[in-house]
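Here is the structure we will look at.
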Amino acid sequence: MQLNTYIDFFNDYFKSELLRNQLNHSLGIFKKCDRIFFIGNGGSNSICSHMMEDFMKIGKKRTFAFSDPALITCFSNDYGYDNAMKEWLKVMWSENDLLVAISSSGNSANINNAVDYVKTRNGNVITLSGFEKGNKLSQKGDENFYLPIADYGIVECYHQTILHVILDSMVLNEK
């Protein structure tokens, strides 16, 4: 049963000391940043939109997501899909911002190009990826959450869970 796959992966991944250390390090990065930018494609973009709202409403951070259809088609038409997010960040990015890059495969050119741009600006980046070990995104961030499983459902659910744990911890530390 597929439920057992979710449970087994959850038990292994979420009980690891590595994850606890990553969460603590990421919490510090989130707390220090001025603004948070979320980028992803497809289901990952939906996670971005949701987390943009939660980090704004609950976390009281200024947040942005590359999720408006008119914006996506405008920048994709003018700069090509692989460069659309990077070009958006060229307009929006400031010192002390944080980029949260989500890609299940970790190999999306538009996500990786945006991360590469932010790194040239010495920006902070947190990546969330899965599938193949050593995917292009999995080592580019200041913190990299890599899920070693090739299952979209699990990867997407746990990317969102990781971000909720960070948000919840951020809010609890404020109280």
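Bear in mind these aren't lab numbers, they're just calculated from the coordinates by the rules spelled out. Everything numeric here is computed off the predicted structure, so don't read it as measured data. In this analysis, Cβ positions are derived from the backbone assuming ideal geometry, glycine residues included, and neighbour counts consider all displayed protein chains.
A compact table of results
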| quantity | calculated |
| --- | --- |
| Qualifying positions in the range 20-44 - in contact (Cβ under 8 Å) with a residue 40 or more places away in the chain and in a helix (DSSP H, G or I) | Gln22, Leu23, His25, Ser26, Leu27, Ile29, Phe30, Lys31, Lys32, Gly43, Ser44 |
| So Lys61, is it touching a residue at least 24 places away in the same chain (Cβ under 8 Å), over 25 Å from Gly28 (Cβ atoms) and either surrounded by 22 or more Cβ atoms within 10 Å (Cβ to Cβ) or under 17 Å from the mean Cα position of the chain (by Cα) (or both) | no |
| The range 117-146 - residue that is among the β-branched types (Val, Ile, Thr) and within 15 Å of the chain's Cα centre (by Cα) and, of those, surrounded by the fewest Cβ atoms within 10 Å (Cβ to Cβ) | Val125 |
| Pick from the range 91-142, criterion of a type in the set (Asp, Glu) and touching a strand residue (DSSP E or B) at 6+ places or on another chain (Cβ under 7 Å), ranking: farthest from Glu156 (Cα to Cα) | Asp97 |
| Check on Asn112, surrounded by fewer than 21 Cβ atoms within 10 Å (Cβ to Cβ) and without any contact (Cβ under 8 Å) to a residue 60 or more places away in the chain | no |
| Criterion (surrounded by 15 or more Cβ atoms within 10 Å (Cβ to Cβ), outside any loop (DSSP other than H, G, I, E, B) and among the β-branched types (Val, Ile, Thr)) met by exactly one of Ile154, Ile149 | Ile154 |
